[in-house]
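Below: one structure, written as structure tokens.
What follows draws every value from the coordinates through simple rules; no lab data is involved. Quick caveat: nothing in here was measured; it's all calculated off a predicted structure. Cβ coordinates were reconstructed from backbone atoms using ideal geometry, including for glycine residues, and neighbour counts include every protein chain displayed.
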Amino acid sequence: MSASATDVEAERPTEQAESTWRTLRRGLALSPELKTGLAGTVVLALVYMVGRVAVPVAVQRGIDNGLTVEGGPDMGVVATVVAITAAVLAITTTCGYLMMRRLFTVSETALAGVRTRAFRHVHDLSMLHQQSERRGSLVSRVTSDVDQITQFLQWGGVILIVNLGQLVITTAVMLAYSWQLTLVVLGAFAPAVLVIRLLQRRLAAAYGLVRQRMGTLLGTIGESVVGAPVIRAYGIAGRTARRLDAAIEGQRQAQQRAIRISILGSSVGELAAGLALAGVVVLGVILGVDGSLSIGQLTAFLFLVTLFIQPVQIATEVLNEAQNAIAGWRRVLDVLDVAPDVADPGEQGRELPPGPLDIRFAGVTFAYPGGPPVLHDVSLEIPAKSRVAVVGETGSGKTTFAKLLTRLMDPTAGEVLLSGVPLREVRFESLRSRVVMVPQDGFLFDATVGENVRFARPELTDEQLTIAFGELGLADWLDGLPAGLDTPVGERGEALSVGERQLVALARAYVADPDLLVLDEATSAVDPATEVRLQRTLDAVTRGRTTLAIAHRLSTAQAADEVIVVDRGRIVQRGPHDELVKDPDSVYGLLYASWLEQTR
Amino acid sequence: MASGTSRDVLGRGLRVLGRAIREQPRIFAVAVTGSVLFGLLVIASAYVVGGVVGEVVVPAIARGSVPAGALALAAAALFGISVLRVVGIFGRRLGAGYMQYRLQAAYRRRVTRRYLDLPLSWHHRNATGTLLSNANSDVEAAWYPIAPLPFAVGTVVMLVGAVVSLFLTDWALALVGLAVFPALFALNVVYSRRMAPRQARAQRLRAEVSGIAHESFDGALVVKTMGREAQETVRFAARAGELRDALISVGRLRGVFDPMLETLPSLGTLAVLVVGALRLRQGAISVTELVSVAFLFTVLAFPVRAIGWVLAELPRSVAGWDRVARVLDATGEMPYGERTLDPAEPTPATLAFHDVHFGYEPAEAHLPGTEVLGAVSFTVPAGKTVALVGPTGAGKSTIASLAVRLVDPRSGTVTLDGVDVRDLTAASLASTVALVAQVPFVFDDTVRANITLDRPGIGDEEVWAALRLAEADGFVAALPDGLDTMVGERGTSLSGGQRQRLTLARALAGRPRLLVLDDATSAVDPRVEAAILAGLRAPTGDTGAAASILVVAYRRATIALADEVIYVEQGRVIARGTHPDLLATVPGYADLVTAYEQAEHDREQTRTYDEVTPLTSGLEVEVDR
């Protein structure tokens, strides 16, 4: 919703004027390769446009010097004029080819670079930033927005350049023939240009509405597809159909409105052309009788007027396309301009020391942007090789631990250190290979089970993966799949059950071989027997490494070396399970009582 | 072979266009009339310009006087033609646009209607992205050639008219036209033929680039936590590079053909000058006619392009149409029956499975289809609560889907109060049973609309009652606009637990006679869950109606509330009975539900063992420090 709202705002023409140039400058600064050979391309374009006025000039020369001379047509003159013009056309056509070839090669190469850079940049943005964007809006930064620019350059851009040139050159040739007639033509088109300018604003707003309605339509269709089970279970197909129809109809109305305005634009151009032709004939005859204009010149003028119509007629459409392309470009640049707030220190960064990692939180406070703190001044130390469980009610801040520890977010105040190295100073390459988190939502890529597990370590063989599943005690489960490691998991892993997806996500993290494993309710949808079994095997295979598990089920806490109890953003208890349960009125005591109530 | 295929595409493309014309004949007639009018006026304008030059300008300049009457007439004719052309443009563009948008809307309605009618098993076989683009870009692509179609039809008429008028003027000039116009036409055909596969390739790559971006950003957290940004970028850049090459190849072809298409009519005009000069010398034509013909060549060049546009879009249109037709022709709807189950007093319903088998069809043909359920039989007696227990992947969610008829069994029957669910009307089924799924789905609408779903008889009072029962009244009351708060796309403004309670309230608000909970209370406190289940069991509970309950659960607390437990493993019912019975007699069941206790017990033993050898662990710590 917010994305389409900004789209509409971007169409506002007043702020458009200044920022169009700014966007172009920013865009060119980002892709300097766009300027490679630009001068040559412009020269080629100008030569190409000369071809357009060659014919009217030839007609004028032919008529005045060849056809209407004393004693009948002079074939020699006509042949010479035609031969020269044909040669000119051969040259201009070739220049046209060369111009387009250069333009497309340079622009597509530059934009592919922009596309890839924007893609990488989106991944470099912090998790919070990524999640604050509407689903799909980041995708359109590297797809439809860039597509809009390339499509414009391929169609509208060429038309715009060629037609602008055509307008200039045509005007120049007209002036050479007769300044009075040129004034008539310009006079006829002046009101049209004013009207078109006016219409163009309304057209931009109309297309903005079309895009907004299209967004609503896509959202509604998406809901009807993703929510199909709910629609069926509640028998609300009728209601859904009505919503769909309303969205479809709303989009159609917006499209029709836009085309009506667009047609008005070309009609105004057409009428202006008629007016110009009529004016040229009247004044032309008067000037001709006066002796200051030949028949050929007047005829050429009538040809030139038609050359003048085309650019004016398509101006509304092309300018609108240009504006869309600029807006798309601006959105891409805006994403690239966002500095990642959780940034990789890169080359200057430090490596994590080898061996098991210990954890230290030093006065850590965290608040989501614009929200109250969810962690208050937390300090704690967790020795290397220990297995720690973090427990607490929903909303207590326990997941925040995991996100700070893996540097998905940076603390608002204080510092997180791994083996004495502040996280902010650790190179991502080192951090990500040593510290791996398994999130609750076991997102899988639309590939096979094997390919998903191999995600972080593409070099692993099928045998190694099978061994890994065996080590996790999941060999039976893997054997039960229709095609074992080669079983496709479907989009987002939806061909597997929610619990099975978590098993694959866990295996994926396990083969990544981290020194610190962070589990964020990673087995919440797995059945108790499997969970306990996994717990045990994980304990065995991660012995000698540090693990931190955010736990919803207290079985995890019971198995941990130490339990950290979080309540309303503060650590209220810590110690082994057996000690913590000794106080039944403590936060942990109550949690445990509730857990027993659920499981006994 | 290749040309055979492209001829085939041409034929099929024309058939798709024919379908469009049959569906919108009147508006198409308006558009074509406008276009033909425009075309004829283009020819007329050439002759008027020629006439004005020959009959008004030349004599006036020769005589040296301004003929006011003739001049006014010429000016009026030129301007009049422009006005009429505007009428033609309006008819053509408005007609073509409206026709295109009407077809798009009509087919979007039909496609989405099919989505609603087709069974869930069909939805399972089709990726979400594919279904979205079927209703969006495929429909758009199918009717894309409609926009230039009337223009192209008018142009054909105009070309015929132009050749006829040329013959009426002079046979020699007509021959020039006969050489140039077909050449122009042929050049357009060749252009679009060669462009079509390139465009298709670019289109396909665009979709692939978008697919990678979608998936990669969806899985951004995994990419980030595993530090795979660089590899993902390489994956994306490779496809973006292919797209770049495809677009450059499209551009190069344009670079070859566009200037040629522009130059060809100019060469025609030059030929007219030469041939015209010869004919003028022979006295066969006048200057008027020569100028007219030259002008005709200039103005005809642009409209001929419209034919090329239509031809160029045909392959894309056919591809889009094929994908749309696949949805429209898909069969296997789950027809609803005629029977209803609406007792005067809403009493709990009885659910029974008789020898139910079920399997998902394989996503890809070469893979074996998996049998998910085999010979499943059980009953949920009226007013009773039955718990469905089993390990991950045992088929519990499938049983839940069958119970509310989201899918139909391969064999066997599912009955409600003794009636096969396939014989029930949609309305009766929906009012009898309610499913709360494992993953909550929330519509981009208000809280109220998400609960009522516009079902009759659910007023604000009922909504609040249901919210209270689901323990969702607290957070809803705290929302800025209460029941009128918009929850955002997929309910993003709510937490997972809040979404779950909202969908629970949605189910309760309909006062179902059978409630199916598919692990739907994991985010709800056990005490709340117990209260909900108790409320539904009581014959005169808060909701005023009682219900039978089928609940998929792992929690001992939930299981303890059940009158009977059904234990499933690998799609088969292994055992059924009360919880204590199963605990005593079914080892698999006992392992599952006592897993935590067992683990605790084992740990205590290990701990005892550890305490015997404290030295080792102590040493380890010391060595580390």
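Descriptive notes on the structure:
- Axis of helix A:462-471 versus longest Cα principal axis of chain A: the two differ by about 40°, to the nearest ten degrees.
- Kirkwood-based Rg to Rh ratio, chain A, C-alpha trace: 1.16
- Formal net charge of residues neighbouring residue B:58 (Cβ-Cβ distance under 14 Å; K, R +1; D, E -1): -2
- Karplus 3J(HN,Hα) series, Hz, for region A:51-56 with 6.51 cos²θ - 1.76 cosθ + 1.60 (x for Gly, Pro): x, 5, 8, 4, 5, x
- Taking the inverse of the mean 1/r over every pair of distinct Cα atoms in region A:357-599 gives a Kirkwood hydrodynamic radius of 18.6 Å.
- If you look at the Cα atoms of region B:104-189, you get an Rg and a Dmax of 22.9, 69 Å.
- Whole-Hz Karplus values for region B:566-573 come out as 10, 9, 10, 9, 6, x, 10, 7 Hz, taken residue by residue from phi with 6.51 cos²θ - 1.76 cosθ + 1.60 and θ = phi - 60°; glycine and proline positions read x.
- Taking the convex hull of Cα positions in region A:2-337, its mean projected area over all directions (nm²): 21.8
- Normalised radius of gyration (Cα atoms, divided by 2.2 N^0.38 Å) for region B:423-514: 1.04.
- The distance between label points at residue A:132 and residue A:38 comes to 3.4 nm (points 7 Å beyond Cα on the Cα→Cβ vector).
- Förster-model FRET efficiency, 25 Å R0, residue B:284 and residue A:290, C-beta, rounded to 0.05: 0.15
- Remark: the Cα gyration tensor places region B:13-328 in the prolate category, a/c being 1.5 or greater and a/b exceeding b/c.
- Net charge of neighbours whose Cβ lies under 12 Å from the Cβ of residue A:113, counting Lys and Arg as +1 and Asp and Glu as -1: +2
- Under the span-like rule (Cα at least 24 Å along the axis, Kyte-Doolittle mean at least -0.5), DSSP H helices of chain B: B:2-23, B:25-51, B:68-89, B:149-169, B:171-218, B:229-281, B:287-328
- Long-range tail of P(r) for chain B (Cα pairs > 40 Å, %): 54
- For a paramagnetic label modelled on residue A:175 (point 7 Å from Cα along Cα→Cβ), amide N atoms under 19 Å away belong, within region A:31-66, to A:46-47, A:49-54, A:57.
- By the Stokes-Einstein formula, at 1.306 mPa s and 10 °C, region B:173-280 with its Kirkwood radius over alpha-carbon pairs has D equal to 91 µm²/s.
- Helix A:295-337 and the long axis of chain A differ in direction by around 10°, with both axes built from C-alpha atoms.
- Net charge of the neighbourhood of residue A:583, taken over other residues with C-beta under 15 Å away and scored Lys/Arg +1, Asp/Glu -1, is -2.
- Here the Kirkwood formula puts the hydrodynamic radius of the protein assembly as shown at 34.9 Å, using every distinct Cα pair.
- Distance-filtered residues of region A:176-215 - backbone nitrogen under 17 Å, label point 7 angstrom along residue A:168 Cα→Cβ: A:176
- Database remark: amide H of residue A:414 closer than 5 angstrom to the amide H of A:365 (H placed geometrically; neighbours at sequence offset of 5 or more, or on other chains; Pro and chain starts carry no H).
- The amide H of residue B:488, built 1.01 Å from its N in the peptide plane, has B:445 as neighbours under 5 Å, considering only residues 5 or more places off or on other chains.
- With each label modelled as a point 7 angstrom along the Cα→C-beta vector, the residue B:194-residue A:461 pair spans 5.1 nm.
- Rounded D (µm²/s) - region B:351-593, Kirkwood Rh over Cα pairs, Stokes-Einstein at 4 °C, 1.567 mPa s: 70
- Length available on full extension from residue B:8 to residue B:425: 0.36 nm per residue minus the Cα-Cα distance, which gives 145.6 nm.
- Computed FRET value (nearest 0.05) for residue B:563 with residue A:596, which takes r as the C-beta separation and R₀ as 22 Å: 0.45
- With viscosity 1.002 mPa s and temperature 20 °C, the Kirkwood radius over alpha carbon pairs of region A:460-584 converts through Stokes-Einstein to a diffusion coefficient of 134 µm²/s.
- Gain on full extension, evaluated as 0.36 nm per residue between residue A:19 and residue A:242 minus their Cα-Cα distance, stands at 76.2 nm.
- With both labels modelled 7 Å from their Cα along Cα-to-Cβ, the residue B:475 to residue A:486 distance reads 4.4 nm.
- Length-normalised contact order of chain B in % [C-alpha pairs under 8 Å, at least 6 apart]: 15
- Most to least packed among B:183-189, A:560-566, B:102-108 [average Cβ atoms within 10 Å]: A:560-566, B:102-108, B:183-189
- Fraction of antiparallel bridges per DSSP, chain A only, in percent to nearest 5: 50
- Legend: calculated FRET efficiency, residue A:144 to residue B:572, from the Cβ-Cβ distance at R0 = 41 Å, rounded to 0.05, equals 0.25.
- Among the residues of A:107-118, the average count of other protein chain beta-carbon atoms within 10 Å of the residue beta-carbon is 5.
- Compared with the dominant principal axis of the Cα atoms in chain A, helix A:179-226 is inclined by about 20°.
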